[in-house]
Amino acid sequence: MPVAVPAALDPILPLLRCPSCGEALTTAPGALRCSRRHSFDVARHGYVSLLTGTRATSGDDGPMARARRDFLAAGRYEAVQDAVADLAGESAGAGDGARPPATVVDVGCGTGYYLAGVLDAMPGAVGLGLDTSAHALRTAAKAHERAAAATWDVFRPFPIGSEQVDVVLDVFAPRNPAEFHRVLRPGGTLVVVRPFGGHLAELRRQVAGMVSVDPDKEDRLHQALDPWFEEARTERVEYTTPLTRQEAVDLVLMTPSARHVTEADLRDDEGTLPAEVTVSVLATAYRRR
């Protein structure tokens, strides 16, 4: 028996385009399909498999997705989620005002934590999370009743029509400025969150192999976005939060540092893991030029 197509996909369908030919997509038993008969299965976990051809390998594996899900569920990044929702919520009326509901696309959505927070802050808005990781999308597909999820690679042209989206989220994720600009409606908003300064400094001092914050990251970000976007508002979110030992392990394993540090390494060093950590990020809303 085919998997049921999630109800959250219905209001998102007008945005979507077939990644093979660019035609509109419609629902079929257990799949999305275009008029040229290209078909994309809905996984039993609720996300749709749009990514075709060579599979991206940079997404979260199973342990990383579990660590991300569990750490974010503990609420230690709730202030970051609130900042994202605040910046995105200013765009609830983006676009021409004649096409409710508002649409939010989270690129590199992971487990859907930030998308869910934005949808809570924008009653009636609908969302789509895109990620290469099927492991993370299993959680993202259930993160919010108004959120759909699909496999996609940020570095490819998005399977979304031009000027169809009110808000694009990019939270600790790779960026594709040209595609962000293309899919956003005039007046639409891009929200970008990235680490800054002393982010996770305590972990970086105590865990060998932790990836550092690149001091040139801001300059590169501005150079990449400037042709397409202008900065509207930036919020600096900085605070210290306590960590249990398991939360400290999960926090390391949900970051790119998991490529260099194993859970066994962290268990061996468990006595030296910090009991608190500094969270320091910049969250910026950009307007489409």
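Defining a contact as two alpha carbons under 8 Å apart and six or more residues distant in sequence, what relative contact order in percent does segment 156-289 show?
Averaging sequence separation for qualifying contacts and normalising by length gives 36 percent for segment 156-289.
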Net charge over other residues, Cβ less than 11 angstrom from the Cβ of G108 (K, R count +1; D, E count -1) | -4
When the C-alpha atoms of segment 152-218 are aligned to their principal axes, what extent does each axis show, in angstrom, from largest down?
-> 46, 23, 17
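For segment 206-289, give the magnitude of the charge dipole about the Cα centre (Cβ charges: +1 Lys/Arg, -1 Asp/Glu; no others), in debye to the nearest 20.
440
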Could you work out the per residue convex hull volume over the alpha carbons of segment 137-262, in cubic angstrom?
-> 155
Take the Cα gyration tensor of the chain, multiply each eigenvalue by 5, square-root it, and list the three semi-axes largest first, rounded to whole angstrom.
-> 31, 23, 16
Could you tell me how many degrees, from 0 to 90 and to the nearest 10, lie between the Cα long axis of helix 62-73 and the main elongation axis, the longest principal axis, of the Cα atoms of the chain?
-> 80
Provide the packing ranking of 43-53, 20-30, 117-127, i.e. peptides ordered by the mean count of other C-beta atoms within 10 Å per residue, highest first.
-> 117-127, 43-53, 20-30
For q = 0.17, 0.22, 0.25, 0.30 Å⁻¹, Debye-computed log10 I/I(0) when each Cα of segment 1-56 counts as one equal scatterer = -0.50, -0.83, -1.04, -1.34
If each of V211 and A24 carries a label point 7 Å out from its Cα toward its Cβ, how far apart are those two points in nm?
-> 4.0
Helix 78-89 sits at what angle to the longest principal axis of the chain, using alpha carbons and giving 0 to 90 degrees rounded to 10?
-> 30
In nanometres, what is the gap between the two model label sites at A4 and S35, each 7 Å from Cα along Cα-to-Cβ?
-> 3.1
Between segment 105-146 and segment 171-199, what is the C-alpha centre distance in whole Å?
-> 15
With +1 on the Cβ of every Lys and Arg and -1 on the Cβ of every Asp and Glu, the dipole magnitude of segment 121-206 about its Cα centre, in debye rounded to the nearest 20, is 200
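Since every read-out is calculated from the coordinates, none of them should be taken as a lab result. All figures in this text were calculated on a predicted structure; none of them were measured in a lab. All Cβ positions, even for glycine, are placed from backbone atoms using ideal geometry, and neighbour counts span all protein chains on display.
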